[in-house]
């Protein structure tokens, strides 16, 4: 949240910000409380419904009026919003790499059209260069607070097609009973690729970070890749 605040700190309150892949709207709600007008979009109708419920539960009428949530895909944004609609756009939580490379290029062009002059974007994805170079097979397993459930996160790299399959498994710790499994296809977008795509769309790269605290990016050490750019 602090990095979002810092990225958009030079925007006046009441400026419009777009949250792409907003999930349940937690970040959007916090920005709205600070005075920004925030629009959140997500393709998952359940996430959008939860975001709308959070908005309704806000004990802040003015913040509620500054919030909107829509079920919408990333490549549909220019069908819903006019050019130069937003002063800031952020896409975090590794959402961008659900698109393939051609779609990412198209999406960045869409963002360029939606941004006002000198508008800013913030992008956060996993540092895939680290995964590919070190041959990492997954992320650290997570455990519930009571230790009864573990959440396994594994990678399967398809080198021939340059895709990563992110496989998650929810397991009951006591008897190793599998409660849920999921497999998502992702594009392993690297820092250099992302910079090239942004610069080809005439964005100016402003900063690259290795974590949400704003520390320097390290190719083989940083887990996330966070980048800010301006139009």
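Couple of notes before you dig in:
- Pairs, first buried (at least 21 other Cβ atoms within 10 Å of the Cβ) in the range 117-137, second in a helix (DSSP H, G or I) and modelled with pLDDT under 95, C-beta under 7 Å, six or more apart: 120/7; 122/4; 122/7
- Considering only residues in the range 17-36 that are at negative phi, at pLDDT 95 or above and not in a helix (DSSP H, G or I), the one that is surrounded by the fewest Cβ atoms within 10 Å (Cβ to Cβ) turns out to be 24.
- Evaluated against (1) modelled with pLDDT of 95 or more; (2) more than 14 Å from the chain's Cα centre (by Cα), residue 121 falls short on exactly one condition, (2).
- Filtering the range 164-192 to residues that are surrounded by fewer than 16 Cβ atoms within 10 Å (Cβ to Cβ) and closer than 21 Å to residue 105 by Cβ leaves 184, 185, 192.
- Any hit, the range 208-222, residues being within 20 Å of residue 114 (Cβ to Cβ) and exposed (fewer than 13 other Cβ atoms within 10 Å of the Cβ): no
- First in the range 191-208 and under 19 Å from residue 88 (Cα atoms) and assigned by TED's automatic domain parsing to the domain that holds residue 97, second anywhere and assigned to a helix (DSSP H, G or I) and at pLDDT below 95, Cβ under 9 Å, 6 or more apart: 206/7; 207/7
- Some residue of the range 40-49 being surrounded by fewer than 21 Cβ atoms within 10 Å (Cβ to Cβ), in a helix (DSSP H, G or I), out of contact with any helix residue (DSSP H, G or I) (no Cβ under 6 Å at 6 or more places or on another chain) and in contact (Cβ under 8 Å) with a residue 12 or more places away in the chain: yes
The values are calculated or read from the model by the stated rules, or taken from the named source; none is laboratory data. Keep in mind it's a predicted model, so treat the numbers as computed, not measured. Cβ coordinates were reconstructed from backbone atoms using ideal geometry, including for glycine residues, and neighbour counts include every protein chain displayed.
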